[in-house]
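Below: the structure, in structure tokens.
The values are calculated or read from the model by the stated rules, or taken from the named source; none is laboratory data. Keep in mind it's a predicted model, so treat the numbers as computed, not measured. Using ideal geometry, Cβ is built from the backbone for each residue, glycine included, and neighbour counts are taken over all protein chains shown. The accessibility values were calculated without ligands, DNA or RNA, using every heavy atom of the protein model including side chains. Shrake-Rupley method; radii C 1.70, N 1.55, O 1.52, S 1.80 Å.
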Amino acid sequence: MSAFWFYVFTLVFFLFDYFILAMGLNIQYGETGILNFAYIGFVALGAYVTGASSLPASAGTGQQYIMGWGLPFPLNLLLGGVAASLLAVFVALIAMRRLRTDYLAVVLISFSLVFYDITNNYVPLFNGADGLYNVPEPLAGIFKLTTNSFVPFFAIVTGLIALIMWWAMSRITKSPLGRTFRAIRDDEGVAAALGKGVFRYQLTSMLIGSFYAGIGGGLLVQFGGSFNTTSWLPAETFVVFAVIIVGGVGNNVGLLVGALLVETLLIHLPAFLPDIPGHPGLIEYIDTIVVGVLLWVMLWFRPQGVVPERIRKTPLALLQGLKSDRSTNEEVPAMSISDGAGVNEEGGVRD
Amino acid sequence: MTSGQNEAANTGSGAASALSCQEIKKSFQGVAAVTGATFDVPRGMITALIGPNGAGKTTVVNILSGMMKSDSGAMQIGATDVTNWESYKIARLGLMRTFQLSRELGGLTVLENLLVAPKHQAGESLLNIFLRPRLAKREELENTKRALEVLRTYGLYDLRDNRASELSGGQKKLLEIARAVMAQPQVLLLDEPMAGVNPALIERIGGYILDLKKQGVTVLMVEHNLNVVEKICDHVIVLAEGRTLATGRLSELRANPEVVQAYLGEVINASTTR
């Protein structure tokens with residue numbers, strides 16, 4: 001396979017992987033209004049658990065990590081997703097019961113930093129700063145894949161997984177559950193006044209979104225074969241935020257567009273460009289600036305994103321069934337103030 | 001309009017009251033907002049909560065609906081003690097409220113605003129969405145039909161697919177009431193449902209409230225418009241400086257010098273000189 005196609009499929013992989021990550025953050029932030037600034041921490045846990053559970057027992061590998069069960073794909077990946085969800089429950093229980101919006105966001109950032117420091121420094125957990133490496137390539141043995149053929153293969157597998165997860169996410173966002181999430185996003189006080197247990201729904205949203213984060217992370221570690229703390233510096237969360245803000249918060253198609261524009265074209269494509277002579281690494285820095293400026297421009301001029309959240313219209317079939325009796329309710333009740341012993345039209349004391 | 005002259009509201013405690021509170025107190029950083037609100041809201045009637053600005057009416061409504069915790073005192077819905085319950089639990093007992101400044105769910109359509117309201121929807125459970133999709137779908141269909149009926153009653157049918165944030169002030173007031181009605185409340189707290197709306201709409205909203213009474217809903221409404229109070233309310237609670245000053249029918253309260261001095265003053269003079 002030529003280097004060109006190798007690059008193309010690498011980009012395809014990142015497109016679908018970040019689509020999954022964007023869907024996870026979107027259900028939390030875009031649908032439920034939870035500013036999860038610790039999102040990358042959930043991605044990382046999914047990656048570590050997926051990697052460490054598929055690696056053999058750590059003795060003799062030159063690495064230190066927990067688990068080491070040699071789990072096959074996709075069990076290791078699912079475990080990564082579940083681990084991220086469990087972390088979400090833990091975080092929600094300690095942080096979300098009492099805190100709201102910006103306060104919660106600050107706590108989540110600090111959580112992200114704490115989790116990062118522990119992972120980076122406590123070697124027996126996930127091999128510290130060195131991270132995990134030699135993570136087995138999934139299904140490579142069964143399909144007799146080489147290093148070259150693995151990339152397109154896994155890009156397609158990721159695409160299929162993204163498709164299934166898109167289907168599942170659409171079911172959720174179109175359901176009454178998704179609607180209740182959006183009600184909480186718009187005004188959680190009103191949602192509570194309508195009998196919605198806000199915390200329970202926020203917890204559910206965190207659980208779903210973090211599962212997506214864990215799966216996205218698990219795919220990352222298996223694609224690259226290695227994962228360490230530099231891959232998930234807390235600032236990486238904002239790349240995922242950039243994906244959903246540029247693409248369109250609250251719209252699944254928009255998320256795919258955002259993943260294409262931000263993650264694929266702006267962040268990964270330039271990595272394949274030749275260095276500017278005399279300035280190695282400069283492109284990477286320019287890249288970061290471009291993403292920052294793009295985010296700023298989008299928030300300023302088109303905060304709804306490239307593909308805005310769509311209006312969910314009343315199902316047409318329902319309206320047709322009801323239109324016939326339209327006239328019966330046209331009459332509007334009134335209490336007929338004007339003919340009574342009223343004060344004046346404006347009413348009594350008004351201040 | 002005759003409901004104002006209906007039999008005097010039974011203000012006794014117990015089962016006759018849909019909602020009652022005793023000695024509710026609340027202060028904000030040392031400033032006492034409510035200093036002893038005690039009253040019963042008779043079941044199946046329309047009760048007005050009146051009083052000068054700063055009397056603590058909205059604070060009382062916030063406490064009754066669970067959106068604020070009281071410093072002391074007790075409250076009951078029917079026979080259930082709900083003192084300092086969380087608002088969603090109070091709502092599930094059948095107490096719904098609207099807000100003084102409309103709080104529509106702006107990103108949702110008008111129809112969706114109503115569809116959020118029904119309690120315990122099957123489609124709100126993650127398991128049901130994937131394991132019992134038909135149940136969730138059937139229930140959603142029924143709710144949608146009912147929501148469209150409610151929208152038609154409240155004159156919002158044609159706006160069903162508009163985002164709620166696009167509505168006018170008066171339409172938002174109607175939407176809030178319609179949304180609360182969609183939740184099939186036993187008790188409805190309306191915080192100034194007619195503030196800032198035109199006279200024609202005041203009449204319509206008044207009509208809707210009377211309709212709700214016919215359907216057996218107990219209504220407690222904060223209202224400054226004494227004309228409206230006279231027309232539709234069976235019972236009046238006067239709050240002044242954070243405590244219950246008097247309760248009774250408006251006609252009785254007009255004879256109460258304390259009430260006249262605290263709140264009714266000029267209006268009574270105006271209407272008696274007419």
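Descriptive notes on the structure:
- Tally, over the stretch A:118-143, of residues that are outside any loop (DSSP other than H, G, I, E, B) and either among the aliphatic types (A, V, I, L, M) or loosely packed, with under 14 Cβ neighbours inside 10 Å (or both): 7
- Considering the conditions (1) within 30 Å of A:Thr10 (Cβ to Cβ); (2) at pLDDT 85 or above, A:Pro303 is excluded by exactly one of them, (1).
- The stretch A:218-228 - residue that is open to solvent by less than 10 Å² (accessible area, probe 1.4 Å) and touching an Asp or Glu at 6+ places or on another chain (Cβ under 9 Å) and, of those, nearest to B:Ile177 (Cα to Cα): A:Leu219
- Where a residue in the stretch B:74-93 is touching a residue at least 12 places away in the same chain (Cβ under 8 Å) and open to solvent by less than 50 Å² (accessible area, probe 1.4 Å) and its partner, wherever it lies, is assigned to a strand (DSSP E or B) and not hydroxyl-bearing (Ser, Thr, Tyr), with Cβ under 6 Å and at least six apart: B:Ala74/B:Gln22; B:Met75/B:Cys21; B:Ile77/B:Leu19; B:Ile77/B:Leu95; B:Val82/B:Met75; B:Thr83/B:Ala74; B:Thr83/B:Met75
- Restricting attention to the stretch A:35-76, the residues that are assigned to a loop (DSSP other than H, G, I, E, B) and of a type in the set (Phe, Trp, Tyr) add up to 3.
- Search result, residues across the stretch B:205-260 that are in a helix (DSSP H, G or I), closer than 21 Å to B:Ala180 by Cα and open to solvent by 40 Å² or more (accessible area, probe 1.4 Å): B:Asp211, B:Lys213, B:Lys214
- A search for C-beta distances below 8 Å between a residue of the stretch B:203-227 that is at negative phi and any residue that is assigned to a helix (DSSP H, G or I) and open to solvent by 30 Å² or more (accessible area, probe 1.4 Å), counting only pairs 6+ apart in sequence or on different chains, returns B:Tyr208/B:Thr153; B:Val219/B:Lys213; B:Val222/B:Thr58.
- Scanning the stretch B:46-69 for residues that are open to solvent by 20 Å² or more (accessible area, probe 1.4 Å) and under 12 Å from the mean Cα position of the chain (by Cα), we see that the one that is farthest from the other protein chains (Cβ to nearest Cβ) is B:Thr58.
- Residue count for the stretch B:239-256 satisfying the condition of being touching a strand residue (DSSP E or B) at 6+ places or on another chain (Cβ under 7 Å) and basic (Lys, Arg): 2.
- Here B:Tyr263 meets the list (1) of a type outside the set (A, V, I, L, M); (2) open to solvent by less than 10 Å² (accessible area, probe 1.4 Å); (3) within 8 Å of another protein chain (Cβ to nearest Cβ); (4) more than 28 Å from B:Gly155 (Cα to Cα) almost entirely, failing just condition (2).
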